[in-house]
Amino acid sequence: QVQLVESGGGLVQPGGSLRLSCAASGSIFSSAVMGWYRQAPGKQRELVANINSGGSTNYADSVKGRFTISRDNAWNTVYLQANSLKPEDTAVYYCQAFWRGRPYWGQGTQVTVSS
């Protein structure tokens, strides 16, 4: 069974930074595409960034140049470094592992950007 546990969310002022972490259990991590999604109130869940097993990354246009996704296969963990945060980045951030055609989701962590 795959379990994903996110951490690192919180309240931050505009222009600030946060580092989100997602720890994965199970043996799929090294071969899974790992991603971060977010869902703001009243909006659909959207892709923020993902990274494949080879380290290739993909970002939403809205976060390019501000967010960085990375993974540590030795620790089964994926990270999202979020810099220059804006109020519109406020959302619940979800970790996803995509493996053998199936997505697995974490429970989400709240990020609030406000002064």
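The values are calculated or read from the model by the stated rules, or taken from the named source; none is laboratory data. None of these values were measured; they are calculated from a predicted model. Cβ sites come from the backbone with ideal geometry, for glycine too, and all protein chains shown count toward neighbours. With ligands, DNA and RNA removed, areas are computed over all heavy atoms of the protein, side chains included. Shrake-Rupley method; radii C 1.70, N 1.55, O 1.52, S 1.80 Å.
Do you know which residues across region 59-81 are closer than 16 Å to G9 by Cβ, open to solvent by 40 Å² or more (accessible area, probe 1.4 Å) and not hydroxyl-bearing (S, T, Y)?
Q81
Hey, can you tell me all the residues within region 82-115 that are open to solvent by 40 Å² or more (accessible area, probe 1.4 Å) and among the hydrophobic types (A, V, I, L, M, F, W, C)?
Within region 82-115, F98, W99, W105 qualify.
Take the residues of region 30-56 that are closer than 16 Å to F98 by Cβ and in contact with a Ser or Thr (Cβ under 8 Å, 6 or more places away or on another chain): which is modelled with the lowest pLDDT?
S30
Taking region 8-32, which residues are open to solvent by 50 Å² or more (accessible area, probe 1.4 Å), under 18 Å from W75 (Cβ atoms) and over 12 Å from the mean Cα position of the chain (by Cα)?
Scanning region 8-32 gives S27, S30, S31.
Could you list, in sequence order, all residues of region 17-69 that are part of a loop (DSSP other than H, G, I, E, B), free of Cβ contacts under 8 Å to residues at least 40 places away in the same chain and hydrophobic (A, V, I, L, M, F, W, C)?
If the condition is that a residue be part of a loop (DSSP other than H, G, I, E, B), free of Cβ contacts under 8 Å to residues at least 40 places away in the same chain and hydrophobic (A, V, I, L, M, F, W, C), then A60, V63 are the ones that fit.
Looking at (1) touching a helix residue (DSSP H, G or I) at 6+ places or on another chain (Cβ under 7 Å); (2) among the hydroxyl-bearing types (S, T, Y); (3) open to solvent by less than 40 Å² (accessible area, probe 1.4 Å), which is the one condition that is false for S53?
If we test S53 against (1) touching a helix residue (DSSP H, G or I) at 6+ places or on another chain (Cβ under 7 Å); (2) among the hydroxyl-bearing types (S, T, Y); (3) open to solvent by less than 40 Å² (accessible area, probe 1.4 Å), just (3) comes out false.
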